[in-house]
Amino acid sequence: MGRLDGKVAVITGGTSGIGAATAELFAAEGAKVVVAGRSRQKGAALADRLGENVVYAHQDVTADADVRRVIDQTAERFGRLDVLFNNAGGPTAGNVADITPENIDYGVKLLFTSVVLGMKHAIPHMLASGGGSIINNSSIAAIRHLQGNILYSAVKAAVTHYSKLAGVELGPQGIRVNVISPGAIATPIFWGGSARANTLPDAENERKMAKLQGNLAKANPLRKSGLGWDIATAALFLASDEGRFVNSHDLVVDGGRTSMFNEYPRESGGAG
């Protein structure tokens, strides 16, 4: 306990899945946390459950004004900004033969532009706080074929590369930039992302999650499903002082899937 005492963190896509698990863990470790996301109901409920050091901020990460507002208001409210976890994301559409300009624009804006702008707006506040840790959520799709839609994979590769280069540029100023590349983690992204999950009854989401976890357990050498908590603990290490010498790094958390992925076809990951 207390690994993030005195630190202030913003978590995008924080109302469900990986983001919610990370908010819970960061708060338990002493951080003041701003949970940013589109679901007002789930965000407010999460903040109420986690206590006075967690607040919800409505945010659409595809809108630059929203990204900047949440970061600026966080620094204004708590007096500093130490950690930014760019976690928000979702599925993309389009393949090589039929991809459209609209597919490209949406995928890039959601998965890449949001990260770049979040970093840009966080930097001045982190410098004023004496440094900080930026964590960008990428994917094993960035480094392996058939781990996601081709556009999703390419854009996540851009996130990973941009983060590594940003760490080189920002490291001398005391800001570390790292990436987490999750494997197949049981979250609502498999059935349309958090926005889709927010429209379904809790019982239906629970049914889908149970089936998904069973399927994903077949998709890696450990024979267990990755959970939001697994990524949250990785983010905690990178956010805390324990990760002070880790920079420009891609932390893969996938149960070994990328090392043996040819044995585990992507069809095993479906949610049903």
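The values are calculated or read from the model by the stated rules, or taken from the named source; none is laboratory data. Just so we're clear, the structure is a prediction, and the values are computed from it rather than from any experiment. FYI the Cβ positions are ideal-geometry reconstructions off the backbone, even for glycines, and counts take in every protein chain you see.
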- Query: Would you say Y106 is within 25 Å of T233 (Cβ to Cβ) and hydroxyl-bearing (S, T, Y)?
  - Reply: no
- Query: For V83, are the conditions met, namely being closer than 16 Å to I150 by Cβ and modelled with pLDDT of 95 or more?
  - Reply: no
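With the requirement that a residue be in contact with a strand residue (DSSP E or B) (Cβ under 9 Å, 6 or more places away or on another chain), under 17 Å from M126 (Cα atoms) and not basic (K, R), what does the range 227-244 give you?
Listed by number, the residues that qualify are L238, A239, S240, G243.
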- Item | Flag if S163 is of a type in the set (G, A, S), buried (at least 21 other Cβ atoms within 10 Å of the Cβ) and part of a helix (DSSP H, G or I) | yes
- Do the conditions hold for D60, that is, is it without any contact (Cβ under 8 Å) to a residue 40 or more places away in the chain, assigned to a helix (DSSP H, G or I) and within 20 Å of the chain's Cα centre (by Cα)? no
- Task: List every residue pair whose Cβ atoms lie under 6 Å apart, where the two residues are 6 or more positions apart in sequence or sit on different chains, the first residue falls within the range 246-272 and is closer than 8 Å to N220 by Cα and modelled with pLDDT of 75 or more, and the second residue, located anywhere, is in a loop (DSSP other than H, G, I, E, B) and among the aliphatic types (A, V, I, L, M).
- Result: G255/L222
- Item | Failed criterion for Q73 (all others in (1) part of a helix (DSSP H, G or I); (2) under 24 Å from G107 (Cα atoms); (3) not charged (D, E, K, R) hold) | (2)
- Note on the structure: Checked the range 117-157 for anything at pLDDT 95 or above, in a helix (DSSP H, G or I) and surrounded by fewer than 18 Cβ atoms within 10 Å (Cβ to Cβ); matches are K120, P124, L127, A128, A157
- Item | Test for D64: is it at pLDDT 95 or above and in contact with a helix residue (DSSP H, G or I) (Cβ under 9 Å, 6 or more places away or on another chain) | yes
- How many of the residues in the range 190-227 are under 19 Å from G255 (Cα atoms) and modelled with pLDDT under 70? 1
- Task: May I ask you to verify whether Q73 is at pLDDT 95 or above, of a type outside the set (D, E) and in contact with an Asp or Glu (Cβ under 8 Å, 6 or more places away or on another chain)?
- Result: no
